[in-house]
Structure formats: structure tokens, C-alpha cells
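Visitor: Below you will find the structure I want to go over with you.
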């Protein structure tokens, strides 16, 4: 139907109600269903039962309502409400709404520049362009400007300037170079083998030999010396 409105809501509910409002020379007025004849009045909490249109659930979660044919051609706000209507004011139970245009026979969503209900007095100024935002962000003395001044171009990438680093800690750091790390890893692996693999001591010379995983390749030999009070093991 051309004058049928619809909205999506929670399934199986019977407490939805619809009101139709318009901006009458700066004053929002609501359609009086009981009075009919294109009657719009200032909302009165004592007469809230005169304003509601009861929708029907046409399919699960889809509700429809009939837009009164006696309403004059124009732009209107359709407000979907839910809950009690007792002493309800114009803000009661609002779930959502939309701006519509009624041409006397057909109801369509309003595509004019009129504000939707809920956006009255909204900011309608033109938003800034990307260039304007960038200019504002890079204003001299701004935080981004300070960060930019701390860096310089280095072959297509940014690096901190000498001036930015002048308060940085001095020195060249530790000596954990790749070569030194390789050496450390090698000694660690050797120590693990010495502890885990076979060791043989010659009874005649006292020399102790530590072997690799194959039990053949010597990794380390230690020659004990006995001076009567101490036994010293010297690796070789």
C-alpha cells in the first residue's frame, strides 16, 4: 500500500506505537488521531492516547501502520515508540524514527535537506577538507610539528636529528655483536657436551679426556698435577 509505513522491531511485541509530528513554524506538533482532519496539536500528556497509531506485525519483526490519508501534503517525522503511554510526553519510549514525505497518496522517505527528528539544530556546516585538517594538525608549534622537527630525511626514511639525540644516553651500548653471540652459543653447547658425554681418565698419567657425542672425538683434556697438598687440573 502506498500510504503504508513500516519498521523493524523486536518480534512478537504488542507495545509499539507510532506518532506523526511536524515542525509548525518552529514548534513541533503531533497529529491528533482522534480529531483527524489534518489536526496537529502541541503535545499534552493528558491526551497522549489521542496521538498513537497502533502498528501490526505483518511478518516476524516487521511492523506496518497506515499513514492517515487526511493529513495534508508535506514533510513529517514518523516516530516509533514502545512502552506505556500513560502520562507520556513527546520523548516517551522513542526507539527510532524517520523523516518522510507525504504527497497525499504515497508515503516515501524524505530526501530533502530537512533534519530528521532527533537532529534538530544539528551542525549543518561543511566539514573541513583533508588538506585543511592536515594544515591544522601541522600548525607551527603544534605537537605534530614538534615531532616533525625532531626528524630529518635519510634516503626516503625519517631519522632523529643530532639535535634531538643530544640528550640521549652516551656510549655505544654493549658488545653483544653477532660474532660474540655466536661464540657464546658455541661455548654453551660445548659445556653441555662435556657435562653430558663420556669422560675417560688415564690411570698412569691422570689425564682426563672428555669426548664428543660420538664417544671418539676428544673435546677437552685435563691434566691433573699433584704437589702433595693440591691436585690442580689444567685443561688443554
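The values are calculated or read from the model by the stated rules, or taken from the named source; none is laboratory data. Computed from a prediction, not measured in an experiment: that's the story for all the values here. Neighbour counts run over all protein chains shown; Cβ positions are idealised from the backbone, glycine included.
Visitor: Which ones in the stretch 75-87 are over 14 Å from residue 33 (Cβ atoms) and assigned to a loop (DSSP other than H, G, I, E, B)?
Guide: If we filter the stretch 75-87 for residues that are over 14 Å from residue 33 (Cβ atoms), which is where we start, we get 75, 77, 80, 82-84, 86-87.
Hits for the stretch 75-87 are 83, 84, 86, 87.
Visitor: Follow-up question, since we're still on this one. What are the pairs, 6+ residues apart or on separate chains, where a residue within the stretch 1-13 that is modelled with pLDDT of 90 or more has its Cβ under 6 Å from a residue that is loosely packed, with under 11 Cβ neighbours inside 10 Å?
Guide: Matching pairs, first to second residue: 11/60.
Visitor: Now, a different point. Of all residues in the stretch 203-235, which are at positive phi and surrounded by 11 or more Cβ atoms within 10 Å (Cβ to Cβ)? Break it down stepwise before answering.
Guide: To start, the set of residues in the stretch 203-235 that are at positive phi comprises 206, 215, 228.
Correct list: 206 only.
Visitor: While we're here: Just one of (1) surrounded by 14 or more Cβ atoms within 10 Å (Cβ to Cβ); (2) more than 18 Å from residue 54 (Cα to Cα); (3) modelled with pLDDT of 80 or more trips up residue 93, so point out which.
Guide: With respect to (1) surrounded by 14 or more Cβ atoms within 10 Å (Cβ to Cβ); (2) more than 18 Å from residue 54 (Cα to Cα); (3) modelled with pLDDT of 80 or more, residue 93 is out only on (2).
Visitor: Answer yes or no as to whether residue 42 is in the same structural domain as residue 104 (by TED's automatic domain parsing) and closer than 22 Å to residue 108 by Cβ. Can you show your working first?
Guide: Working: in the same structural domain as residue 104 (by TED's automatic domain parsing): yes; closer than 22 Å to residue 108 by Cβ: no.
Spelling it out, it is not the case that residue 42 is in the same structural domain as residue 104 (by TED's automatic domain parsing) and closer than 22 Å to residue 108 by Cβ.
Table: residues versus (1) in a helix (DSSP H, G or I); (2) modelled with pLDDT of 85 or more; (3) under 30 Å from residue 26 (Cβ atoms); (4) in the same structural domain as residue 91 (by TED's automatic domain parsing).
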{"site": "115", "(1), (2), (3), (4)": "no, no, yes, no"}
{"site": "119", "(1), (2), (3), (4)": "no, no, yes, no"}
{"site": "123", "(1), (2), (3), (4)": "no, no, yes, no"}
{"site": "133", "(1), (2), (3), (4)": "yes, no, no, no"}
{"site": "141", "(1), (2), (3), (4)": "no, no, no, no"}
{"site": "146", "(1), (2), (3), (4)": "yes, no, no, no"}
{"site": "152", "(1), (2), (3), (4)": "no, yes, no, no"}
{"site": "158", "(1), (2), (3), (4)": "no, yes, no, no"}
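Visitor: Identify all residues within the stretch 24-81 that are surrounded by 15 or more Cβ atoms within 10 Å (Cβ to Cβ) and touching a helix residue (DSSP H, G or I) at 6+ places or on another chain (Cβ under 8 Å); write none if there are none.
Guide: 32, 33 - these are the residues of the stretch 24-81 that are surrounded by 15 or more Cβ atoms within 10 Å (Cβ to Cβ) and touching a helix residue (DSSP H, G or I) at 6+ places or on another chain (Cβ under 8 Å).
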